[in-house]
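Enquirer: Handing you a structure now.
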Amino acid sequence: MEVSFSSLALVNNPFEWAYDLEDLGFTGWEVVSEGKQQLNDGTLSEIKNIIETTHLVLTLHLPFSDLNLGSLNHPIWKESVRQMTKCIEKASDFIELAVVHPGHLSPLGMQLPDMAWQQSVEGLKEICDFADDLGIKIGVENMPDMAHIFGKQPGEILGMIDSLGKKNAGLTFDIGHANTNGLVFDFMAEVKQMIHVHLHDNKGKSDEHLQVGKGNINWKEVMPKFKGYKGRFVIEARTIEEGTASLKFLDSLK
């Protein structure tokens with residue numbers, strides 16, 4: 001298993017722990033372009049130093065706060081696409097894969113869901129085309145049990161990806177998100193569609209991002225089903241301590 005670390009503690013400085021990831025057993029870091037990890041001149045300088053002084057493989061989670069690929073307000077939709085493609089451009093020297101959320105229904109979108117769905121598809125197409133020119137894959141992530149958000153069910157998210165018709169697009173499977181919808185094993189039937197995997201736990205009701213093994217996901221039954229999966233696993237943890245404990249738990253299952 002090639003396992004990366006990603007922290008949701010976006011208000012904390014990632015450069016206080018990123019240099020320690022290899023010593024803790026991780027082989028990569030997924031940068032979330034939000035908060036203090038947002039890609040800018042300062043963070044890019046820090047990231048360059050990490051690349052030059054470690055062997056970490058970096059992936060990227062595109063920004064999602066206040067952005068919506070399903071927006072029917074065209075200037076907002078256009079800005080969402082612009083910010084995501086700009087983020088890919090900034091990271092193009094050090095990533096081969098970026099994760100994106102598929103969008104959600106605004107109040108207007110709730111009245112015109114088919115149109116909002118198509119907007120999401122068009123936005124993803126633009127992102128995939130931009131990324132493809134840079135040799136980057138796009139992993140469209142399945143979403144948790146939240147109202148008015150696209151991509152919660154396997155058929156829905158895979159249908160969206162198929163409709164893109166892009167060779168550089170695939171599924172980022174988030175097992176914690178799937179668990180909030182009671183669909184872990186439904187998604188596991190689609191391992192061949194997965195190009196990237198997020199690992200975290202919960203008790204099935206909300207997206208808690210618990211340490212792996214602290215929720216109700218049956219990891220002993222799930223992990224063997226990844227046989228044949230060639231991509232990277234990313235532990236999405238609230239703290240570096242919980243991420244390290246999650247990695248040890250997964251190692252104990254072998």
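Every number here is computed from the coordinates shown, using simple stated rules; none is lab data. Bear in mind the structure is a predicted one, so any value in this text is a computation, not a measurement. A quick note on method: Cβ atoms are made from the backbone with ideal geometry, for glycine too, and the neighbour counts reach across all protein chains shown.
Enquirer: What nm distance separates the two modelled labels at K230 and D93, each placed 7 Å from Cα along Cα→Cβ?
Expert: Here the answer is 2.9 nm between the modelled labels.
Enquirer: Take the range 119-254, drop everything but the C-alpha atoms, weight them equally and run the Debye formula without solvent; then report log10 I(q)/I(0) at 0.12, 0.14 Å⁻¹ to two decimals.
Expert: So the normalised log intensities work out to -0.48, -0.64.
Enquirer: Here's another thing I want to ask about it. Most mobile of A189, A169, A131 per a Gaussian network model of the chain (Cα springs, under 10 Å)?
Expert: Of the options given, A189 has the highest mean-square fluctuation.
Enquirer: How much of the DSSP bridge set in the chain is antiparallel, in percent, rounded to the nearest 5?
Expert: If I count the DSSP bridges inside the chain, around 5 percent turn out antiparallel.
Enquirer: Looking at the range 123-182, I'd like the Rg to Rh ratio, where Rg is from alpha-carbon atoms and Rh is Kirkwood's inverse mean 1/r.
Expert: Details: Rg = 12.1 Å, Rh = 12.0 Å.
Rg/Rh for the range 123-182 comes to 1.01.
Enquirer: Which of H209, H74, H198 moves most in a GNM of the chain, Cα contacts under 10 Å?
Expert: Largest GNM mean-square fluctuation: H74.
Enquirer: Tell me whether the range 38-147 comes out rounded, prolate or oblate; compute the Cα gyration tensor, take square roots of the eigenvalues as a ≥ b ≥ c, and use a/c under 1.5 as the rounded threshold.
Expert: Working: a/c = 2.29, a/b = 2.23, b/c = 1.03.
It is prolate, given that a/c is not under 1.5 and a/b is the larger ratio.
Enquirer: Taking the alpha carbon gyration tensor of the range 68-119, what are the square roots of 5 times its eigenvalues, largest first, to the nearest whole Å?
Expert: Values: eigenvalues 134, 24, 8 Å².
So the equivalent ellipsoid measures 26, 11, 6 Å along its semi-axes.
Enquirer: Can you grab the distance from the C-alpha centre of the range 173-206 to the C-alpha centre of the range 125-157, Å, no decimals?
Expert: So the separation of the two Cα centres works out to 14 Å.
Enquirer: Which three numbers, in whole Å and largest first, are the semi-axes of the equivalent ellipsoid of the chain derived from its Cα gyration tensor as √(5λ)?
Expert: Values: eigenvalues 141, 105, 53 Å².
Equivalent ellipsoid semi-axes, largest first: 27, 23, 16 Å.
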